Amino acid sequence: MSKKAGKHSLAAGRRELKELVDTCDAIADRKFNPFFLDVKLGVETLRQFFPLWETFQDHCMDAHTLNRLSEVVRLQNTQLKFQSSALYADPEFIARKVERMSEKRLVEVLLHSWHPLAELEQLTEETVTDALNYWDALLPIAERWKKRQFIEGKPPSSTDAETLTGLGIQGEEFNKQIAQIYEELRTSCETSKFTNYWAFVRRSNYQETVRRAYFVSFLVTYGFAKLQTNDGNLSLVPVDHPTGKAASNSVSFPIPIPRSIEHGE
Amino acid sequence: MENKEATQTQTFYSDKLKRAMHLLLFRRGKMPGAKEWELKEKVGKNFEQVLEQLNQLLSELDLEIRKVKERTPAYATQDGIPGDESRYYITLKGTLGLKEAKMIGWRIDNLAALAATLALLMSKQGKAPREDLEKLLANKFGRWKSITLVDIFLRTGYLEEDDAGVISLGWRTQSEIDLKELMTRMAEVKL
């Protein structure tokens with residue numbers, strides 16, 4: 001019974017020392033004020049558990065904790081010296097001031113204490129190499145202009161329902177195609193719970209792939225299907241009783257469609 | 001004869017002045033300025049006297065030579081023990097006006113953010129977690145801008161970040177900013 005209690009205390013001791021080291025590390029990383037930790041209590045804890053240590057690792061941990069506590073004492077000393085210096089200001093006070101000061105006032109404070117460096121820039125081996133690499137990687141101007149023309153499209157303009165129906169993105173035909181894709185998805189998920197997004201969407205023809213991705217985006221947006229990730233792969237799960245309404249808490253998830261089918265996944 | 005000797009000394013000295021000036025002004029590596037050993041090697045043992053004379057000349061142009069102690073990492077020293085080495089820079093002796101600061105390529109809101117960052121860091125003895133800085137800047141300048149701002153200050157050398165994400169004052173702050181003046185001005189601001 002006493003042995004069991006001893007084991008328990010040993011485990012508790014190891015845990016406490018780990019917590020102590022973590023706190024000391026956080027103080028060293030300036031996450032807490034050094035006076036946040038009661039060093040005397042820390043030393044008492046070390047003294048309390050010292051007779052229980054069994055292994056070499058326990059003693060190493062004990063020494064490490066003592067080392068970290070001494071670092072906290074050093075930081076407390078620095079803090080006291082700093083507080084008594086002319087540079088001291090309470091961080092909360094500074095944060096409040098910054099919040100309430102105008103940008104112009106902040107700049108004026110900086111400008112009164114700022115003495116920028118004077119130097120001359122010149123070519124170095126490093127800058128020449130950077131420039132050459134940039135030049136080598138640069139496409140010919142004709143290519144760049146081509147790309148630009150490709151990107152440039154018509155500016156946004158308004159349209160009417162008739163045009164949308166004509167384009168196949170509204171009306172009976174559109175609804176029919178959505179229903180067809182939905183049925184296709186349900187069929188492909190008869191044997192398994194989900195189907196791979198790219199396996200479902202991609203076709204040998206790029207335009208057809210884009211068209212299917214376009215319809216799938218509607219299915220997902222209006223709750224007919226769910227888009228999930230399984231082991232880093234996108235998958236689709238059909239919903240048995242869809243609401244047909246866009247979810248209020250939905251997020252936008254863009255999926256780029258590469259031209260190369262091999263890079264589709 | 002005396003006159004000839006004086007001329008020779010003058011020529012020799014001006015040559016040293018030129019060499020020192022070139023070392024201080026032209027950037028050779030990643031950092032501007034010149035290290036103490038470079039000056040000793042290229043200008044001579046009496047480089048401090050040369051710099052003193054150069055300083056007198058520069059002061060007429062509102063410039064001055066500043067000596068900054070920098071910590072040399074263990075791998076860069078011969079004995080493998082980290083040491084202190086001085087680096088000399090030429091800085092502006094006076095200060096810039098608001099319009100001048102804009103002209104040398106700084107945005108006013110970036111300078112305001114730099115003032116806030118340095119003041120907060122100084123209040124925390126020169127070190128603070130990155131999140132604390134970003135939080136302070138986000139309240140004032142917006143969340144996305146705060147991340148960019150910290151990156152800008154890191155890139156320009158005003159701040160340094162260690163592996164644990166703790167931000168400290170960078171070499172540029174040590175050489176360009178009069179921190180005592182900054183904190184005094186900050187304390188004097190009436191809201």
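The values are calculated or read from the model by the stated rules, or taken from the named source; none is laboratory data. Since the structure is predicted, the reported quantities are computational estimates derived from the model, not experimental observations. A quick note on method: Cβ atoms are made from the backbone with ideal geometry, for glycine too, and the neighbour counts reach across all protein chains shown. Only protein heavy atoms, including side chains, enter the accessible area calculation; ligands, DNA and RNA are left aside. Shrake-Rupley method; radii C 1.70, N 1.55, O 1.52, S 1.80 Å.
Peptide packing for A:99-109, A:173-183 was compared via the average number of neighbouring C-beta atoms within 10 Å per residue; ordered from the highest value, the list is A:99-109, A:173-183. Counting only alpha carbon atoms, the long axis of helix B:179-188 and the longest principal axis of chain B meet at about 40°. Computed with a 1.4 angstrom probe on protein heavy atoms, the B-A interface buries about 4800 square angstrom of accessible area in total. Each of residue A:35 and residue A:257 was given a label point 7 Å from its Cα along the Cα-to-Cβ line. The distance between the two points is 6.5 nm.
Contact residues in the stretch A:25-42 by the 50 Å² criterion (accessible area, 1.4 Å probe, full protein complex versus chain alone): A:29, A:30. Interface residues of the stretch B:170-190, defined as those with an accessible-area decrease of at least 10 Å² between the chain by itself and the complete set of protein chains (probe 1.4 Å), are B:172, B:176, B:177, B:178, B:180, B:181, B:182, B:183, B:185, B:186, B:187, B:189. Roughly how many Å² is the accessible area per residue of the protein assembly as shown, as a whole number, for a 1.4 Å probe? Result: 65 Å² of accessible area for each residue.
Axis of helix B:108-123 versus longest Cα principal axis of chain B: the two differ by about 90°, to the nearest ten degrees. Calculated FRET efficiency, residue A:221 to residue A:134, Cβ-Cβ distance, R0 = 45 Å: about 0.60 to the nearest 0.05. Helix A:2-28 axis versus longest C-alpha principal axis of chain A: approximately 80°, rounded to the nearest ten. Shown here is the pair-distance distribution of the protein assembly as shown: with all Cα-Cα distances grouped in 20 Å bins from zero up to the longest one, the shares run 16, 31, 33, 18, 2, 0 percent. Length, then width, then depth: along the principal axes, the Cα atoms of chain A run 82, 74, 45 Å.
In this simple spin-label approximation, residue A:59 and residue B:181 carry label points 7 Å from Cα along the Cα→Cβ vector, and these lie 5.7 nm apart.
Take the Cβ-Cβ distance between residue A:143 and residue A:83 as r, set R0 to 56 Å, and report the resulting FRET efficiency rounded to the nearest 0.05. With a Förster radius of 56 Å, E is 0.35. Label-to-label distance, residue A:231 versus residue A:204, with points set 7 angstrom from Cα along the beta-carbon direction: 2.9 nm.
For the protein assembly as shown, with all protein chains present and a 1.4 Å probe, just round the carbon and sulfur fraction of the accessible area to a whole percent. Answer for the protein assembly as shown: carbon and sulfur cover 54 percent of the accessible area. Averaging the sequence gap over all C-alpha pairs within less than 8 Å and six or more residues apart, then dividing by the number of residues, gives the stretch B:108-181 a relative contact order of 28 percent. Within 10 Å of the Cβ of each residue in A:119-130, the mean number of Cβ atoms contributed by other protein chains is 3.
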